[in-house]
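All of the numbers you see were taken from the coordinates with simple rules; none came from a lab. Owing to the predicted nature of the structure, the values given are computational and were not obtained by experimental measurement. Don't worry about glycine lacking a Cβ; one is built from the backbone with ideal geometry, like all the others, and counts go over all protein chains shown.
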Amino acid sequence: MGGLFGVASSSDCVYDFFYGTDYHFHLGTRRGGMAVKNSHEIRRSIHSIENNYFRSKLEPDLPKFKGGKGIGVISDYDAQPLVIGSHLGTFAIVTVGRINNMGDLVTAIALAREKLCTHCWDGSSYF
């Protein structure tokens with residue numbers, strides 16, 4: 001299980017989404033991460049929370065963040081948020097969920113050769 005939290009604001013929202021994500025700490029045990037967008041860039045930080053709390057791992061990074069759009073995640077599997085650069089622009093995404101038929105989906109994607117699967121939780125990559 002995991003948890004995610006996001007904020008979109010006209011003013012700086014770093015502490016809002018930091019504490020909102022920290023509230024979800026009990027939902028995950030492996031990775032914690034956050035990303036914030038300002039007018040120049042998307043900045044992110046990801047840490048292992050297997051042996052420590054989300055707050056103690058990510059709070060030292062807060063001075064590096066400033067912006068009005070932020071997303072945070074507690075995850076049991078993946079290092080997140082992912083920052084994606086595409087023809088749609090650059091954005092950060094997080095996912096929380098379980099895919100029971102991962103093998104079937106990867107096979108279907110590989111056979112179709114029309115879609116992209118960039119990274120899977122076990123570290124393997126497929127196209």
For this session: For the chain, set up a Gaussian network in which alpha carbons nearer than 10 Å are linked by springs, and say which option among 24, 47, 87 fluctuates the most.
Result: 87
Problem set entry | Computed FRET value (nearest 0.05) for residue 61 with residue 102, which takes r as the C-beta separation and R₀ as 35 Å | 0.65
Problem set entry | Gain upon complete extension [residue 112, residue 38; 0.36 nm per residue less C-alpha separation] | 22.9 nm
Exercise. Using a Cα distance threshold of under 24 Å, what count of lysine pairs results for the chain when pairs must be 8 or more residues apart or interchain?
Worked result: 6
Exercise. For the Cα atoms of the chain, what angle does the longest principal axis make with the long axis of helix 102-112, in degrees from 0 to 90, nearest 10?
Worked result: 60 degrees
Seminar exercise, completed: Taking a crude spin-label model, label points 7 Å out from Cα along the C-beta direction, the residue 93 to residue 10 distance in nm is 3.0 nm
For this session: Specify the residue with the greatest mean-square fluctuation among 107, 29, 21, computed from a Gaussian network of the chain linking alpha-carbon atoms under 10 Å apart.
Result: 107
For this session: Could you check which residue among 38, 51, 100 shows the biggest mean-square fluctuation in a GNM of the chain with a 10 Å Cα cutoff?
Result: 100
